[in-house]
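The values are calculated or read from the model by the stated rules, or taken from the named source; none is laboratory data. Source: prediction; values computed, not measured. Reconstructed Cβ throughout: ideal geometry from the backbone, glycine too, with neighbour counts over all protein chains shown.
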Amino acid sequence: MCGIVGATAERSVAGILLEGLRRLEYRGYDSAGMAVWDGAAINRLRRAGKVQALADALDSQPLEGSSGIAHTRWATHGKPLEHNAHPHMSGDKLAVVHNGIIENFEALKQELVDDGYLFTSETDTEVIAHLLDRSVKTGISLLEAVNSVVGFLEGAFALGVIHQERPGELYAARKGSPLVIGVGIGENFIASDQLALLPVTDRFMFLEEGDTALLTQENIQVWDRTGEIVERKVSRYEHGVSAADKGGFKHYMLKEIYEQPAATQAAFHDRIQDGLVNENVFGEQAAKIFDQVKQIQIIACGTSYHAGMIAKYWMEGLAGIPCHVEVASEYRYRPVVIQQGTLFISISQSGETADTLAALRDVQDQILASLTICNVPGSSLVRESDLHLMTNAGPEIGVASTKAFTTQLVALLLTTLVIGRRFSLTQEKEREIVNALQQLPSLIEQSIAMDAEIEEMSQAFAEKHHSLFLGRGTLYPVAMEGALKLKEISYIHAEAYPAGELKHGPLALVDKDMPVVTVAPRNDMLDKLKANLQEVSARGGELFVFAGCTQNLQSAEGVHVLGMPEIPEILEPIVYTVPLQLLSYHVAVLKGTDVDQPRNLAKSVTVE
């Protein structure tokens, strides 16, 4: 969950590394550091805090040199203090940056201490630096040392390594954590994410599991896990540099909320043909695989898990096929029974979510096939799945996911339709849903147009410490997502419950100090939901209702109703998500929290 960037070039690389860290700060922001080879020695500078602290230090202590590595940290081993910041060095000749967790570092550390190595940090990463130094001192090359050391490491890692005696060379390795190579002219780069390198290149090579690489200014060599030299495909980034900028918005999160009309349209654009979903967009083998599907198993974490919960309603209600949804970190650590004909669907914004990826790898030989819903082409989940459908959301920088969630829902709806046509879904019904889908960008725009009203509503939450979110049917996972957003960025404790469970516990918490947020579309669950709301109101709870039925639900003392546009029922979970995102955003702004980089969280959870 940290960010790595490295470069070897004909020019000074410190500015490139620093800009890369700024673009990777969503991956970790409790400390940052840089090590640069200046032609004679490796010079290192580290600071606790955000990347700006490192930038300020570089103003007074500039680093000059043509190759280097840098890192922005999300602490795992060791507190977020300067001595725990990366890069870590062994002596003054070798520097390492690392993303991931080395599970056997304690045993390795004791072995190194016995060999006379002195540790200056509490991190697992320093073990790697000393192991490399010890290996090089036996007389083998640095490349051989890297290959040897990664064989000792248990857990997940992405590494960047430079050595004073290997001028202009940048070494990289990955297992379980993402690492991409940026391909330039007379210069080459590594990073945890393409976004870090967009100012200097738009051509990228994705390292695969177990790969090791050696980069110089002119060449890139890659070895696979067996030690064979391999060619990795170079692909071009399609979104452009500006896609990762704030674009005049105060925060990335607000920009990404406002991008949802275009993002959701991109998620179904060119995937509709003659009013039906073109199943070829899932992959060449899609039709053959879908014909054999008897059951769906969805695995995901966090926001993606909520998307999977909504998809379950669609899969079973529209397609008529059994569908199970589980949190990846639970699924992978329990005995599971996989039915014949299971399509395993993994959902991940980054395509590198550690538990989701591990769950997929655990069941590969037991399932019919795998399908990944993802936003990052070339990511591990995409490469390792039989089929994939990209969400086409474009870069999402804010830690609290917004457009990734709504585009995941679009992708899952498309998936439901192509599977459903093999079961109970008629062609007439599919055309009806596809027609409704064409309205989605406009409906989201109408929801965003309520921003000012939602901002005013948010003032009632600024001094609260707890909140309850209620929903029924497909809107229950939407309530869960709304609660998650509020707690992520405003630090208000928020829970979500199915509205029908209100009397089974949560009602005991309701009073004037606990606002209750409800999503209440105009569907066949409305009358039951209205009864639940009366229970809250009778106990002094203050209600905030996003309603598609204002003629039946009206504002009154203690009841604040915000009318939603008329929405086709199939699209309700997508559209109703947007005002909850805006509510959380404005509450966080009022509370003065760091909206884009909330405390203790990082964007891509690439470690367990």
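Can you find even one residue in segment 207-227 that is assigned to a loop (DSSP other than H, G, I, E, B), buried (at least 20 other Cβ atoms within 10 Å of the Cβ) and not assigned by the TED database to the domain that holds Ser380? Working first, answer last.
Our first condition is that a residue be assigned to a loop (DSSP other than H, G, I, E, B); within segment 207-227, this holds for 207-211, 216-219, 224-227.
Next, only the ones that are buried (at least 20 other Cβ atoms within 10 Å of the Cβ) stay: 207, 211.
Add one more test, that the residue is not assigned by the TED database to the domain that holds Ser380, and what stays is 207, 211.
Yes.
Working only within segment 306-341, note down all residues that are in a helix (DSSP H, G or I) and of a type in the set (A, V, I, L, M). Don't jump to the end; show me each part of the working.
Keep residues of segment 306-341 that are in a helix (DSSP H, G or I), which gives 306-319, 328-331.
Passing the criteria: Ala307, Met309, Ile310, Ala311, Met315, Leu318, Ala319, Ala328.
With (1) touching a His at 6+ places or on another chain (Cβ under 9 Å); (2) farther than 20 Å from Gln597 by Cα; (3) of a type in the set (A, V, I, L, M, F, W, C) as the list, and Leu507 as the residue in question, which single condition is left unmet?
(1)
Within segment 14-48, how many residues are crowded, with 24+ Cβ neighbours inside 10 Å, in contact with a Ser or Thr (Cβ under 6 Å, 6 or more places away or on another chain) and among the hydrophobic types (A, V, I, L, M, F, W, C)?
Final tally of qualifying residues: 4.
Restricted to segment 414-431, and to residues that are touching a helix residue (DSSP H, G or I) at 6+ places or on another chain (Cβ under 9 Å), part of a helix (DSSP H, G or I) and not polar (S, T, N, Q), which residue is surrounded by the most Cβ atoms within 10 Å (Cβ to Cβ)?
Checked segment 414-431; the qualifying residue surrounded by the most Cβ atoms within 10 Å (Cβ to Cβ) is Ile419.
Please find, among Thr72, Thr76, the residue that is modelled with pLDDT under 95 and under 14 Å from Gly160 (Cα atoms).
Numbers: Thr76 fails: under 14 Å from Gly160 (Cα atoms).
Result of the check over Thr72, Thr76: Thr72.
If we keep just the residues of segment 248-274 that are polar (S, T, N, Q) and surrounded by 14 or more Cβ atoms within 10 Å (Cβ to Cβ), which is farthest from the chain's Cα centre (by Cα)? Show your work before the answer.
Start the filter on segment 248-274 by keeping residues that are polar (S, T, N, Q), which leaves 260, 264-265, 273.
If we keep only those that are surrounded by 14 or more Cβ atoms within 10 Å (Cβ to Cβ) too, we end up with 260, 264-265.
Working: Gln260: 17, Thr264: 17, Gln265: 20 Å.
Result: Gln265.
Does at least one position in segment 510-528 carry a residue that is part of a helix (DSSP H, G or I), over 21 Å from Glu456 (Cβ atoms), modelled with pLDDT of 85 or more and in the same structural domain as Thr577 (by the TED database)?
Taking segment 510-528 first, the residues part of a helix (DSSP H, G or I) are 526-528.
Now restrict to residues that are over 21 Å from Glu456 (Cβ atoms): 526-528.
With modelled with pLDDT of 85 or more added as a condition, the list becomes none.
Scanning segment 510-528, I find no residue that is part of a helix (DSSP H, G or I), over 21 Å from Glu456 (Cβ atoms), modelled with pLDDT of 85 or more and in the same structural domain as Thr577 (by the TED database), so the answer is no.
Does any residue in segment 1-13 that is more than 22 Å from Glu25 (Cα to Cα) and in a strand (DSSP E or B) come within less than 7 Å, Cβ to Cβ, of a residue that is of a type in the set (Asp, Glu) and modelled with pLDDT of 95 or more six or more places away or on a different chain, and which pairs are these?
From segment 1-13, the pairs are Ala9/Glu187.
Quick check on segment 86-142: of everything there that is buried (at least 24 other Cβ atoms within 10 Å of the Cβ) and of a type in the set (Asp, Glu), which residue is nearest to Leu18 (Cα to Cα)?
Filtering segment 86-142 for residues that are buried (at least 24 other Cβ atoms within 10 Å of the Cβ) and of a type in the set (Asp, Glu), the one nearest to Leu18 (Cα to Cα) comes out as Glu126.
Among the residues of segment 445-465, which ones are under 25 Å from Thr593 (Cβ atoms), touching a Pro at 6+ places or on another chain (Cβ under 7 Å) and either in a helix (DSSP H, G or I) or of a type in the set (Val, Ile, Thr) (or both)? I'd like the intermediate steps shown before the answer.
Here is the first cut: in segment 445-465, the residues under 25 Å from Thr593 (Cβ atoms) are 447-448, 450-465.
Imposing the further condition that a residue be touching a Pro at 6+ places or on another chain (Cβ under 7 Å) reduces the set to 447, 450, 454, 460-461, 464.
The answer is Ser447, Ile454.
Out of segment 106-137, which residues are among the hydroxyl-bearing types (Ser, Thr, Tyr) and in contact (Cβ under 8 Å) with a residue 24 or more places away in the chain? Walk me through how you get there before you give the answer.
From segment 106-137, those among the hydroxyl-bearing types (Ser, Thr, Tyr) are 117, 120-121, 123, 125, 135; that's our starting set.
Listed by number, the residues that qualify are Tyr117, Thr120, Ser121, Thr123, Thr125.
Between residues in segment 321-337 that are without any contact (Cβ under 8 Å) to a residue 40 or more places away in the chain and over 13 Å from Asp362 (Cβ atoms) and residues that are among the β-branched types (Val, Ile, Thr) and assigned to a strand (DSSP E or B), which pairs lie under 6 Å by C-beta distance while being six or more apart or on different chains?
Listed by first residue and then by second, the contacts come to Cys323/Ile296; Val325/Ile298.
Considering Gly341, Gly378, Gly351, Gly394, which residue is over 17 Å from the mean Cα position of the chain (by Cα) and in contact (Cβ under 8 Å) with a residue 12 or more places away in the chain?
Working: Gly378 fails: over 17 Å from the mean Cα position of the chain (by Cα); Gly351 fails: over 17 Å from the mean Cα position of the chain (by Cα); Gly394 fails: over 17 Å from the mean Cα position of the chain (by Cα).
The unique qualifying residue is Gly341.
Tell me the residue from Val382, Val399 that is in contact with a Gly (Cβ under 7 Å, 6 or more places away or on another chain) and either more than 16 Å from Ile574 (Cβ to Cβ) or in a helix (DSSP H, G or I) (or both), please. Full working, then the answer.
Details: Val399 fails: in contact with a Gly (Cβ under 7 Å, 6 or more places away or on another chain).
Among Val382, Val399, only Val382 is in contact with a Gly (Cβ under 7 Å, 6 or more places away or on another chain) and either more than 16 Å from Ile574 (Cβ to Cβ) or in a helix (DSSP H, G or I) (or both).
From Ile162, Ile181, Ile140, which residue is at pLDDT 90 or above, in contact with a Leu (Cβ under 7 Å, 6 or more places away or on another chain), more than 29 Å from Glu396 (Cα to Cα) and of a type in the set (A, V, I, L, M, F, W, C)? Full working, then the answer.
Values: Ile181 fails: more than 29 Å from Glu396 (Cα to Cα); Ile140 fails: in contact with a Leu (Cβ under 7 Å, 6 or more places away or on another chain).
That would be Ile162, the only listed residue that is at pLDDT 90 or above, in contact with a Leu (Cβ under 7 Å, 6 or more places away or on another chain), more than 29 Å from Glu396 (Cα to Cα) and of a type in the set (A, V, I, L, M, F, W, C).
I need a count of the residues in segment 223-239 that are free of Cβ contacts under 8 Å to residues at least 40 places away in the same chain and either of a type outside the set (D, E, K, R) or out of contact with any Asp or Glu (no Cβ under 9 Å at 6 or more places or on another chain) (or both).
So the first thing to find is which residues in segment 223-239 are free of Cβ contacts under 8 Å to residues at least 40 places away in the same chain, and the list is 224-226, 228-231, 233, 236, 238.
In the following step, the residues that additionally are either of a type outside the set (D, E, K, R) or out of contact with any Asp or Glu (no Cβ under 9 Å at 6 or more places or on another chain) (or both) were identified as 226, 228-231, 233.
Of the residues in segment 223-239, 6 are free of Cβ contacts under 8 Å to residues at least 40 places away in the same chain and either of a type outside the set (D, E, K, R) or out of contact with any Asp or Glu (no Cβ under 9 Å at 6 or more places or on another chain) (or both).
Do we find that Gly168 is more than 24 Å from the chain's Cα centre (by Cα), closer than 19 Å to Asn219 by Cβ and modelled with pLDDT under 95 in this structure?
On the way: more than 24 Å from the chain's Cα centre (by Cα): yes; closer than 19 Å to Asn219 by Cβ: yes; modelled with pLDDT under 95: yes.
The answer is yes for Gly168.
Name every residue in segment 432-444 that is in a helix (DSSP H, G or I) and either touching a residue at least 60 places away in the same chain (Cβ under 8 Å) or in contact with a Ser or Thr (Cβ under 6 Å, 6 or more places away or on another chain) (or both), in order of residue number.
If the condition is that a residue be in a helix (DSSP H, G or I) and either touching a residue at least 60 places away in the same chain (Cβ under 8 Å) or in contact with a Ser or Thr (Cβ under 6 Å, 6 or more places away or on another chain) (or both), then Ile433, Val434, Asn435, Ala436, Leu437, Leu440, Pro441, Ser442, Leu443, Ile444 are the ones that fit.
If the Cβ limit is 6 Å and pairs must be 6+ apart or interchain, which residue in segment 567-596 that is acidic (Asp, Glu) pairs with which residue that is buried (at least 23 other Cβ atoms within 10 Å of the Cβ)?
As it stands, the answer is Glu572/Pro521; Asp596/Tyr252; Asp596/Met253; Asp596/Gly398, since those pairs meet every condition given.
Got at least one residue in segment 452-469 being over 20 Å from Glu542 (Cβ atoms), surrounded by 19 or more Cβ atoms within 10 Å (Cβ to Cβ) and assigned by the TED database to the domain that holds Val410?
So far as segment 452-469 goes, no, none of its residues is over 20 Å from Glu542 (Cβ atoms), surrounded by 19 or more Cβ atoms within 10 Å (Cβ to Cβ) and assigned by the TED database to the domain that holds Val410.
Can you tell me which residue is modelled with the lowest pLDDT among those in segment 364-379 that are in a loop (DSSP other than H, G, I, E, B) and polar (S, T, N, Q)?
Taking segment 364-379 and keeping what is in a loop (DSSP other than H, G, I, E, B), we get 364-368, 375-379.
Keeping just the survivors that are polar (S, T, N, Q) gives 364, 366, 375, 379.
Details: Gln364: 91, Gln366: 94, Asn375: 93, Ser379: 86.
Within segment 364-379, the match that is modelled with the lowest pLDDT is Ser379.
Would you check which residues across segment 162-174 are in contact (Cβ under 8 Å) with a residue 40 or more places away in the chain and out of contact with any helix residue (DSSP H, G or I) (no Cβ under 6 Å at 6 or more places or on another chain) and list them? Reasoning before the result, please.
Here is the first cut: in segment 162-174, the residues in contact (Cβ under 8 Å) with a residue 40 or more places away in the chain are 162-165, 167-173.
Passing the criteria: Ile162, Gln164, Glu165, Pro167, Gly168, Glu169, Leu170, Ala172.
Does Val234 satisfy the criteria of being β-branched (Val, Ile, Thr), touching a Lys or Arg at 6+ places or on another chain (Cβ under 6 Å) and surrounded by 19 or more Cβ atoms within 10 Å (Cβ to Cβ)? So that I can check it myself, show each step before the final result.
Values: β-branched (Val, Ile, Thr): yes; touching a Lys or Arg at 6+ places or on another chain (Cβ under 6 Å): yes; surrounded by 19 or more Cβ atoms within 10 Å (Cβ to Cβ): no.
No: the conditions fail for Val234.
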